[in-house]
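*Asks:* Sending over a structure as structure tokens; questions will come in a sec.
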Amino acid sequence: MIRASEPRYRLYTRPRDYRGIVGYALAGWSGDDADCRRLESEIAKRQGITYAHCMPQNRVGVYFAVKALVRPGRKIIVPSYTLSDVINMVICAGAVPVFADIDRVTCNIDPAEVERLVDGETDAVMATHLHGLACDMARLREICDRHSLKLLEDAAQAFGTVLDQRPTGTFGDAGIYSFGMYKNVNSFYGGMLVTPHAEIDARVRAWMAELPRQPMSRFLLKTAKGIASDIATYPPLFKAVTFWIFRHAYLNNIELLNRQVMIELDPKLKTSIPEAYLCRMTPMQARLVLSQLAQVEAFNQARRRAAHVYHHGLADLPELILPPWREDGSHIYTYYPVQAAEREALLRHMIRNGRDVAVQHLRNCAELACFHDYARECPNAAATAAQCVLLATYPRYSLSEVEKNVQAIRAFYGRA
């Protein structure tokens, strides 16, 4: 008899988070920015960096960082395997994205590719610490210093990752974190821009001061989606109902339902930043982040324990490309990505046997039609986008479920 697994993801939310949001809404969405300033101070202290500034979203932080670091019409080298809207923010900020290929094992930007792409029109390099794994910052920093380039870090999936005891996001001229709904610190929307430079902080602070606060209607809609997700993935309900609905939809190609768990289905070019993006974090969001900071390291350790089981259970399968195993804090395994040439067959096998797994939603942006003016051949990114599967590591996901995923994958390759 097939039994349903625990869900592939669950939000990092607690009932008191929703109570706080409802209370804030009933109070009229009012209050001063003292909590935001307190959060900025706490993040700066925690990350060991001079300046921190609250952002409404990670991608808006990318926009303002690029606007501050890159001169209009100049180039910034970016990873090709990333969220398409991050590339849109580069374009909206007036810069020219130059796609660099990635390393297949790490899924992060390849420093050798960066070195090859630098020319007289290059102003900056953006490193994305994907899946919680720190990029090779020593190599990237050396390249940037030698060519007098700015270095930007997208640490949306790597809040809490450290490299040589230094937090990601603090190696460059600016770093951006995400506190979005699916991140390990969740304020539904939200992010943080950090920098060691007073002039960058002053420019960003002046730009943000002109913006209105995050509107209640948009935020409450996001919160409602969070509640719906929490209900659908509540383990007893998920195992009894939700999983079987989506299992049936996947195995029978019911697009209407399959689309509900997909992201960025129809990426489009943006040349100006959407008005809805231009807002400030609310005090309530700042309080949500502050209340979660103490649990970050414990959650990181829980995900590393899951990754340890995956790594040692799958390391002998030559058919898979696994992420590197790190015990020094340089990987927090926000997910455990594996790459399989037979991805579709593997997914069907897993789901048919009661395992809930996900395809990575990122694309090889260098080949997207919306970015045809910037197209480049990035074969590693193309292969990774076609083969990557995300295995669950979130702290409430039991190690017994991790072991069952390992067993199911081994059975697919005849190594039960």
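*Asks:* With θ taken as phi - 60° and the coefficients 6.51, -1.76 and 1.60, list the Karplus ³J(HN,Hα) couplings across the range 151-159 in order, rounded to whole Hz; mark glycine and proline as x.
*Replies:* Along the range 151-159, the couplings run 10, 10, 10, 8, 10, 4, 9, 9, 6 Hz.
*Asks:* Shifting gears a bit: How far is it, in nm, from the label point at V296 to the one at R259 when both lie 7 Å from their Cα along the line to the Cβ?
*Replies:* It works out to 3.8 nm between the two label points.
*Asks:* Can you tell me the FRET efficiency between R415 and E327 if r is taken as the Cβ-Cβ distance and R0 is 22 Å, rounded to the nearest 0.05?
*Replies:* 0.30
*Asks:* Please work out how much length the chain gains when fully extended from E42 to E377, using 0.36 nm per residue of separation minus the C-alpha to C-alpha distance, in nm with one decimal.
*Replies:* That works out to 116.4 nm of additional length.
*Asks:* Compute the Cα gyration tensor for the chain, then decide on rounded, prolate or oblate, letting a ≥ b ≥ c be the square roots of its eigenvalues: rounded whenever a/c is under 1.5, prolate when a/b is larger than b/c in the other cases, and oblate in all that remain.
*Replies:* oblate
*Asks:* Given contacts defined as C-alpha pairs under 8 Å and at least six residues apart, what's the relative contact order of the range 86-156, whole-number percent?
*Replies:* 27
*Asks:* Right, another one. Which of the residue pairs K75/K270; K225/K404; K222/K404; K45/K225; K67/K150; K75/K183 have a Cα-Cα distance greater than 23 Å in the structure shown?
*Replies:* Pairs exceeding the cut-off: K225/K404; K222/K404; K45/K225; K75/K183.
*Asks:* If you take every DSSP beta bridge whose two residues both sit in the chain, what share of them, in percent to the nearest 5, is antiparallel?
*Replies:* 60
*Asks:* Pull up the DSSP beta bridges for the range 15-209 and report the antiparallel fraction as a percent, rounded to 5.
*Replies:* 45
*Asks:* Arrange the following residues from fewest to most other Cβ atoms within 10 Å of their Cβ: M208, M216.
*Replies:* Ascending Cβ contact count within 10 Å gives the list M216, M208.
*Asks:* Here is a follow-up. Using a Förster radius of 22 Å, what is the FRET efficiency between L278 and A202 based on their Cβ-Cβ separation? Nearest 0.05, please.
*Replies:* E between L278 and A202, to the nearest 0.05, is 0.75.
*Asks:* When a footprinting reagent is the concern and you count Cβ atoms within 10 Å, what order do T106, T128 take, fewest first?
*Replies:* T106, T128
*Asks:* In what sequence do C92, C365 fall when counting other Cβ within 10 Å, fewest first?
*Replies:* Listed from fewest to most nearby Cβ atoms, that is C92, C365.
A short reminder: the numbers here are calculations on the coordinates, not readings from a lab. Quantities reported herein were computed from a predicted structural model and do not represent experimental measurements. Virtual Cβ from ideal backbone geometry, glycine too; neighbours counted across all protein chains shown.
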